[in-house]
Every structure is written in structure tokens, then in C-alpha cells.
Amino acid sequence: MRSIYLKTILIAGIVSLACTTKVSEWVLLNSLPDEYILAYYHKDPLSETVIKQNSAITGNLSSANIQFRSVLKKDIDRPYYALIYDNRLFSKYYDPRELKDLSVSPLREKIAAELMSGKLCVMLYLKTGIPEKDDPALQIIKRTIKASPFREIMPLVEINRNSVEEKHLVSMLLNVESDLKEINEPMLFGVFARFKALEPLLAKGISEENINLMIDFLTADCSCLIKDDLPGTDILCTKNWENPMPAMVNQILDENPLLVHH
Amino acid sequence: MDQDTIQYDSLENRPLPKWLTDQRDGLNQYQPEIRVMKDDRSLNTSFMITGAVILLAVAVLSIYILKKNRKNANTTPG
């Protein structure tokens with residue numbers, strides 16, 4: 001009988017602790033990134049050359065959140081690779097050389113390192129390349145971050161929409177929502193946990209109020225509602241997410257109890 | 001904004017992301033149950049049931065006593 005009481009107290013303690021963990025920290029520690037599928041569509045039997053080619057591709061993608069599949073499909077003109085996430089087609093590649101660095105890039109390494117170091121999030125600013133559009137929004141972002149008590153744990157990273165080096169990352173960001181590719185406006189993605197990108201603020205939506213709501217979302221206690229229906233899209237990334245540094249947000253909240261919110 | 005729901009005619013009218021509107025409206029937390037006050041009729045019901053029981057008991061006892069008295073009257077030699 002006594003053991004039942006002990007178990008009840010223990011479970012209640014764990015549950016109460018879980019609810020005071022912040023959203024960004026809880027997702028980093030507990031939520032595995034959703035996997036992409038790289039499908040090779042072909043209508044003829046696979047030749048030795050193609051088998052070797054696919055083997056090389058899958059070797060490069062090991063330890064990323066992706067699976068490889070070969071799919072026999074009769075109604076296609078020529079074979080191609082398709083990058084699929086959550087039953088959504090992100091990209092098609094007819095040349096296997098286009099798949100080079102699909103899951104790695106300098107900026108992704110940098111962002112992943114920031115997240116693993118215990119930072120709250122990375123503010124990823126996707127620029128159009130048109131200064132008249134990019135600069136005013138960038139000023140708002142910088143001003144808002146500077147005024148935030150969490151400014152030290154929210155690094156701002158800029159990326160150009162036309163970047164060749166980061167073309168795969170840009171493509172994935174523009175697939176976070178189905179209409180983003182058609183919108184040539186600056187976008188601000190909150191990237192947190194294991195490279196999860198929130199649906200972005202864009203154009204005039206990049207405002208002080210909305211950026212602060214993004215910060216509030218990431219610093220709030222993790223409710224079961226958020227756990228059940230996590231927003232955002234996991235970005236493809238080769239990274240070992242084990243043993244991240246302790247979340248820095250907790251120290252700031254401990255020192256400033258007035259900032260604690262739900 | 002949900003996937004595949006492009007329902008706006010200009011960028012100004014594009015819906016904000018759901019996580020943001022939920023955060024703004026405080027919907028990321030479980031909302032407390034809304035309690036609606038109802039009329040408390042339990043006292044009236046109690047009085048009515050008590051009254052009915054008393055009336056029933058009086059009626060049953062009256063009939064019983066009347067019958068008993070009549071029976072006694074019939075059996076008593078006159």
C-alpha cells in the first residue's frame with residue numbers, strides 16, 4: 001500500500017516538473033524531429049550504376065532525419081528524386097548532383113550549434129535581396145531583440161533567398177507553408193529545438209508585437225496543448241542532438257521571476 | 001496558417017500563423033471550465049416530497065384506523 005502512495009507522489013512530481021519546462025527546452029529534449037523521405041522514382045529496373053549512385057546518396061544522409069526509398073512508377077518520363085515531408089512534396093531533383101549537401105550546410109551547422117549550446121532559439125531572417133524591403137524589417141527585428149530580456153539567447157542569423165550555398169535550406173524554409181514560395185517578402189523564422197522552424201512572420205507581420213509573441217511562445221511553460229500539436233516544420237539536418245547544454249532561459253527566468261508566464 | 005489553406009486576396013489579409021494567434025489569445029493553455037449558475041430547486045423539491053410523504057402517511061394511517069374502528073364496532077356485542 002505504501003508503495004502506491006510513493007508512486008503517486010513520484011508521478012505527480014514528474015508531471016508538475018514537465019509543465020514548468022519551457023516550450024523550447026521541452027521540444028529539444030523530448031521531441032524527435034519528423035523525418036523526410038527522399039524517394040527515387042523509376043519505371044525501369046534499377047541498374048548497377050543507379051544502385052551505387054543511391055548507395056552513395058544514402059551514405060551522405062546518414063544520421064540526418066531522412067529515409068530513402070526506391071519507388072517503381074510506370075507513368076513517369078524519366079527517373080527523379082523527390083524530397084517529401086509530411087506527405088508534402090518539397091522538391092524534385094532530376095540530376096543526382098543536385099542532392100549534394102542536402103542535409104548539411106554551413107548555416108545549418110551554425111544554427112544547430114547555437115541550439116545545442118542552450119540558446120532559446122535562432123531568429124532566422126530570410127531576405128529577399130531587395131534592400132527597400134529587407135532593411136526596415138531588419139531594423140524592427142534588431143530593435144525588438146535588443147529590448148528583450150532574452151536578447152543574449154536569441155542570435156539573429158540572416159540568409160538571402162537567392163543563396164546558392166544554402167539553396168536546400170532556403171527551399172525547406174519556403175516549404176514551411178504552401179504559399180511562401182510565391183511571396184517575395186522578407187520572412188522571420190523562429191528556429192528552436194532540433195531545428196524546428198515556426199511558420200514565419202512576413203512583410204508587415206514582422207512587428208515588435210509579433211516578435212514578442214514569438215518570444216512569449218518559446219519561453220512559456222510547455223502545456224499539453226502545445227505538446228499535442230507542435231507547430232512548425234523540422235528542417236533536414238545532419239546532427240547528433242544528444243546531450244544539449246542546459247537551457248539558458250531558465251537562468252534568466254530564475255533571476256527575473258516577473259518574466260515567468262504561462 | 002494551416003497548410004494548403006490559401007484563402008486570402010492580398011498579403012495584408014494573409015492569416016497570421018496559428019501558434020501566434022493562439023499565443024496572443026491565450027489559447028496555448030487549457031482554459032478553465034466555464035461554470036454556469038443554475039437555479040437551486042432542491043429545497044422546494046425537498047419540501048414537496050416531505051409534504052407528499054406526510055400526506056400519504058396521514059391518509060394511510062387514517063384509513064387504517066377508520067377500518068380498525070369499524071371492525072371493532074361490528075364485533076362488539078350490542
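The values are calculated or read from the model by the stated rules, or taken from the named source; none is laboratory data. What you see is a predicted model, and the numbers here were worked out from it, not measured in a lab. Cβ placement follows ideal geometry from the backbone for every residue including glycine, while neighbour counts extend to all protein chains displayed.
Tabulated values for the structure
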read-out	value
Residue that is farthest from A:HIS168 (Cα to Cα), among those in segment A:46-102 that are within 14 Å of chain B (Cβ to nearest Cβ) and free of Cβ contacts under 8 Å to residues at least 60 places away in the same chain	A:ASN87
Sole exception among (1) buried (at least 21 other Cβ atoms within 10 Å of the Cβ); (2) closer than 20 Å to A:LEU29 by Cβ for A:ASN240, by number	(1)
Residue check for A:GLU208: touching a residue at least 24 places away in the same chain (Cβ under 8 Å), over 15 Å from the mean Cα position of the chain (by Cα) and within 14 Å of chain B (Cβ to nearest Cβ)	yes
Test: residue in segment A:220-236 that is more than 10 Å from chain B (Cβ to nearest Cβ) and modelled with pLDDT under 90	yes
Unique match (being in a strand (DSSP E or B) and of a type outside the set (Phe, Trp, Tyr)) among A:GLU177, A:GLU158, A:GLU185, A:GLU165	A:GLU158
A:PHE195 surrounded by 16 or more Cβ atoms within 10 Å (Cβ to Cβ) and within 11 Å of chain B (Cβ to nearest Cβ)	no
Which listed residue, of B:ASN28, B:ASN69, is surrounded by 10 or more Cβ atoms within 10 Å (Cβ to Cβ) and at pLDDT below 80	B:ASN28
Sole exception among (1) at pLDDT below 90; (2) surrounded by fewer than 10 Cβ atoms within 10 Å (Cβ to Cβ); (3) under 35 Å from the mean Cα position of the chain (by Cα) for B:GLU12, by number	(3)
Contacts under 9 angstrom Cβ, first residue in segment B:15-27 being at the interface with another protein chain (Cβ under 9 Å from one of its Cβ atoms), partner of a type in the set (Val, Ile, Thr) and assigned to a helix (DSSP H, G or I), 6 or more apart	B:TRP19/A:ILE226; B:ASP22/A:ILE226; B:LEU27/B:THR21
In segment A:22-57, residue surrounded by the fewest Cβ atoms within 10 Å (Cβ to Cβ) [restricted to those that are of a type in the set (S, T, N, Q) and modelled with pLDDT of 90 or more]	A:THR49
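Residues checked against (1) within 14 Å of chain B (Cβ to nearest Cβ); (2) in contact with a strand residue (DSSP E or B) (Cβ under 8 Å, 6 or more places away or on another chain):
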site: A:GLY118; (1), (2): no, no
site: A:CYS121; (1), (2): yes, yes
site: A:LYS127; (1), (2): no, yes
site: A:LYS146; (1), (2): no, no
site: A:MET154; (1), (2): no, yes
site: A:GLU158; (1), (2): no, yes
site: A:VAL170; (1), (2): no, yes
site: A:GLY190; (1), (2): yes, yes
